[in-house]
Every structure is written in structure tokens, then in C-alpha cells.
Amino acid sequence: MSKLWGGRFTKDTNELVEEFTASIEFDQQLAIEDIEGSLAHVQMLGECNIISSEDADVIQRGLYKLKNKIELGGIEYSVANEDIHMNIEKHLIDEIGPIGGKLHTGRSRNDQVATDMHLFLKRKTVELISLVDDVQQAILNQAKANVETILPGYTHLQRAQPISFGHHLMAYFWMLERDKERLIDSMKRIDVLPLGAGALAGTTFSINRERVAELLGFDSIYPNSIDAVSDRDFILEFLSISSIMMTHISRLSEEMVIWSSEEFNFIELDDSFCTGSSIMPQKKNPDVPELLRAKTGRTYGNLIGLLTVLKGLPLAYNKDMQEDKEGMFDTVKTVEGTLKLLAPMIDSMTVNHNSMKKAVTEDYSNATDLADYLVTKGMPFREAHAVIGQIVLQAIQEKKYLLDIEYAVYRGYSDLFEEDLYDVLKPENVVAARDSTGGTAQKQVRKQIELAETKILKKKETV
Ligand code: ARG
């Protein structure tokens, strides 16, 4: 019997079972975290005289050696040793002899794997927060350069009211700001140590969990051993935050696809972020935003997958929980890749000011302003809405825009109209007039950008 747990078995494991139950193929990504957790655990065992300090030293040296080997190119993993925890323990014993078998004193793979996952997600969350920051910076740069760029704002994908392009871009800045805040907040729940919970009930050895937390840099420890080995909601939370963030990114990606179409022609993505067609020589396809939009799907899938795995599980550990890993690794990889691409793609896109200007001049998105104009002259809004509606209808029939309609015609509709109505209708004035806090007026957008800049600096200091 070569299994670490083989004592009570009389038969070898069926080969298919071995392969089916093993997680080494994917949990080898936790190798470094697993060794770090073991280093802290064994140090504590030595300090608490649960094993001798000489044995602890030998084990630690063996673990460092293994860590080195892994960092330099890897070690051989075997399915027969099931998962990363037993693979490493086996390698350790091969390296330093039976003393290696003392490492697993007072712990279980159940609290060990939970600790590895916490360590892994903690590291990744810090990295992701900084990547979100980079995307925000790219958005901020483009927004700053485009405060005065005016384009139609849309509702129902119909032209609604002229807006500053900087304002539109900044909407995504704030979405990502909330995503970043969610990631930062989730750290409170990731930064908790499960180790010391044992299989589920604690351990008979007089361990010092606080010391292990200190050695591993955890902020606190799980107060309940059963919860410690059963909790996967720190992963659910990560998958959920990632899904929300990918939803935001998917909406931005969708807009980039639309804007870069010939029909809109509002932006041009840099050649280095597009691909061609194998048959149509003229094509330049926005594959990157398309894929970012699509990859959102797998992050939802990973969230729903784990929610479903966990929903019927009795306490405490169940093998089902091994299924928490691939989805989490996949979402980390997806979000990481997405954010890394997004920042330079936004930075390198070209804004077609002329197309945006043409779009905003050749439409009726200034109609609300004319209604508001009549209101300021004393007409009730509902009445003004009806009058301007009739004027728009006449303009459409005569193939004119509101700025082209003669003064006499306006006067025919209402004697509240005066010559200054033409100023009110100019797109830049339409935008400037929305000067309410958080509105699209150039002045307001500049204020908003100032606020955003302080936020981004503040976050960089705190993270
Ligand atoms: N590979 C396992 C997992 O990822 C480690 C924990 C195994 N624990 C057990 N009691 N079989 O969940």
C-alpha cells in the first residue's frame, strides 16, 4: 500500500477512481501557497514543542528545497498521490526521510486546502485591485482628453441628448471604482486563517493558531473549526465580484464594438488590438472587445457552478468541495487577462471627433433643450413638450434640423420664442447647460475627473 492513507485498505485503488478523484492536475497551482502554509505550521509545531525544534528545522529545510525546485522548473506530480498536499508531503518524505511524516501533525488536508485557497486568493486579489486601477487610469486619460468632445447620448440606442464623451467614459470609471471597492472589502473575509481547525473539530495538540496567522500574515483566524473547513463563501464572493465586474467590462466592450463599426465610426481601435479576416481583405475586426464580452459568460458559469456545488452540502468537509478550484482559477485567469488587455486598448484607441460632431449636429437630440427653453419663459413643461413635438415633426417632414428652421416658423408656434433660441440649440451649449451636479456640462465633468483623480491616488495609498 503506497498511499499516505493506505493503512486501513486491503486493495489498491481502482485506476479510474484514482484518476477521477485526483485534483493534482489543477491544484498544483497552489504549490507555493501549500509550502508556505506548511513552513508556518511546522515552525509553530517546533515552537510549541509538539515536535522537536531539530525536526522542525529539518522539515523546514526540506520544504525550502522543494520550493526552490518548484520555482526553478517544477517537480514531478503523480495522480497516485491525488492532490498537491499529498504530492508535496510525499516529495518531502522522499527528500528528508520519515521525519517528513511529522509535518502533518495536528492538521488535516481540510484545513490545509482552505488555507492554501485563502493565501492564493489574497495574493490574486491584491494583483487584481492594481490591474483595475490601471484600467481606471486609462479611462481617466481618455476622459480628460475628451471633456469637450460631444456626441449623442443614447437611451434605447436612440439618440437622446448630446453629452460629453469624457462624461460617458467616466461612467465606466465609477463602475470599476465600485468593483475595486468590493475587491478591497472582500479582503476582510479572505484574510482569515482556517489552519488549526483540523479535519473539522480542532486538534488534541496544543497548537498556537495566532502564531500561524502571524507567520502567514493573516489578519484574523476562524473562530469555529467547522466553519473554517466548510467555508467557501470567500470564493463565492470573489466569483460574484468578478461577474459584476465582467458585466461592466462587457458593456464597455459592446460599446467599443458598436462605436468602431462603420455605421457609427466614433472610435478606431489600434491595429495592434484588432485582427483581420481570412477571406475579406478589407476587414478589421474588434475581436478583443468581442472576446471580453463573451468571456463574461464563463465567469457567470463559474459562480453558478460553485453556488450549485455548495447548496446542499452537510457540514463539514465533503469531497464535492474539491470542485471549488477550477472555476476559481479560471475566473482569476479570465479577469486578469481581461484587465491587462483593456487598459492598453483604451489608451490606444483613436476618437473620431468629426464623426461624433456630425452625429450630434444631424439629429434632434437638442429638442429637450427647446422645451426647457419654453419652460424658462413660463410655459408648463407638458405643454412645451407638445409644442416642440410638433416642431420636430414638421422639421422631419421638411428634412431639416431644429437649427435650420426659420425664426418666423418658431414664432408661429409660440411668441415666447426669441432669437436666442438658436444659441440654446447648439450642441456645445446643450451640453454646457446640464450643469447640475454629476451632469454632463464640461464644467461638471472636469469636477468629476478631479474627484476621480483623488480617488485613484487614495486607493493606491491604501492598497
Ligand atoms: N484535494 C482536496 C480538495 O481540494 C483536499 C482536501 C481533501 N480532504 C479529504 N478529506 N479528502 O478538496
- When the Kirkwood radius is taken over all Cα pairs of the stretch 110-358, what Stokes-Einstein diffusion coefficient follows at 10 °C and 1.306 mPa s, in µm²/s? 78
- Find how many whole Å separate the alpha carbon centroid of the stretch 33-73 from the alpha carbon centroid of the stretch 168-208. 25
- Do you know the relative contact order of the chain, to the nearest whole percent, from alpha carbon pairs under 8 angstrom that are 6+ apart? 16
- Task: Starting with the highest mean, order 173-184, 113-124, 7-18 by the number of other Cβ atoms within 10 Å, averaged over the residues of each peptide.
- Result: 113-124, 173-184, 7-18
- Query: By how many degrees, 0 to 90 and rounded to 10, does the Cα axis of helix 367-376 deviate from the longest principal axis of the chain?
  - Reply: 70
- Query: Hey, fewest Cβ within 10 Å first, where do Met280, Met86, Met356 land in order?
  - Reply: Met280, Met86, Met356
- Query: What distance in nm separates the simple spin-label points at Lys333 and Phe381, each placed 7 Å from Cα in the Cβ direction?
  - Reply: 5.2
- Just round it to a whole percent: the fraction of Cα-Cα distances in the chain exceeding 37 Å. 46
- Under 30 Å from the Cα of Lys443 - lysines, other chains or at least 8 residues apart: Lys144, Lys180, Lys357, Lys358, Lys377, Lys426, Lys455, Lys458, Lys459, Lys460
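Tell me, what does the Kirkwood hydrodynamic radius of the stretch 359-446 come to in angstroms if you use every pair of distinct C-alpha atoms?
Working: mean 1/r = 0.0742 Å⁻¹.
Kirkwood hydrodynamic radius for the stretch 359-446: 13.5 Å.
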- Query: By how many degrees, between 0 and 90 and to the nearest 10, does the Cα long axis of helix 442-462 differ from the longest principal axis of the chain?
  - Reply: 10
- Item | Cα long-axis angle, helix 324-348 against the chain (0 to 90 degrees, to the nearest 10) | 40
- Message: Could you sort the peptides 138-151, 296-309 by per-residue average Cβ neighbour count (10 Å cutoff), highest mean leading?
- Response: 138-151, 296-309
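So if R0 is 56 Å, what FRET efficiency would Val17 and His156 give, r being the distance between their Cβ atoms, rounded to the nearest 0.05? Present the calculation step by step, with values, prior to reporting the outcome.
Numbers: r = 56 Å, r/R0 = 1.00.
It comes out at approximately 0.50.
Laboratory data are not the source of any read-out in this text; all were calculated from the coordinates shown. Predicted, not measured: the structure shown is a model, and the values here were computed from it. In this analysis, Cβ positions are derived from the backbone assuming ideal geometry, glycine residues included, and neighbour counts consider all displayed protein chains.
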